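Right, one structure below, let's go through it.
Bear in mind these aren't lab numbers, they're just calculated from the coordinates by the rules spelled out. On a predicted model such as this, the values are computed, not experimentally measured, just so you know. FYI the Cβ positions are ideal-geometry reconstructions off the backbone, even for glycines, and counts take in every protein chain you see.
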Amino acid sequence: MSSPDKSSDDDTPQLPADLRFLKLLVTTLTAVMILGLLAIVGLLVTRLGARAPLPALPETVELPDGAAPAAVTFARDWLVVVTEAGEILLYRPEGGAPVSRTSLP
């Protein structure tokens, strides 16, 4: 005959109600954490796998005579070119001649 505090399937005693509830909470938390981790990995794979679009380049950019570009930066409404001589040239997005020229100290 089996005792009342043992289950009929095996010889392990039945857990108290508060421990069964705690076991359910831990199992649920584990499942939620695994799903969250899978969602984060999925988002990283889909977002980082796509190539970022390149900014639109103007048809022509007129550099002053003898100027060699060292860096090009795309601002919101401007194209900025820094020359090897330390001069900053500011262009409209359409290109053409520089709108502003500033020398670096």
statement: region 71-105 scanned against label point 7 Å out from Ala56 along Cα→C-beta; backbone N under 12 Å for 93-95
message: Treating only the Cα positions of region 7-105 as identical point scatterers, give the base-10 log of I(q)/I(0) from the Debye formula at each q in 0.17, 0.19 Å⁻¹.
response: -0.84, -0.93
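Between Leu35 and Thr12, what FRET efficiency follows from the Cβ-Cβ distance if R0 is 35 Å, with the result rounded to 0.05? Write down the numbers at each step before the final one.
On the way: r = 30 Å, r/R0 = 0.85.
In this case the efficiency is close to 0.75.
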field: Residues Thr46 and Leu25, FRET efficiency given R0 of 41 Å [Cβ-Cβ distance, rounded to 0.05]
entry: 0.85
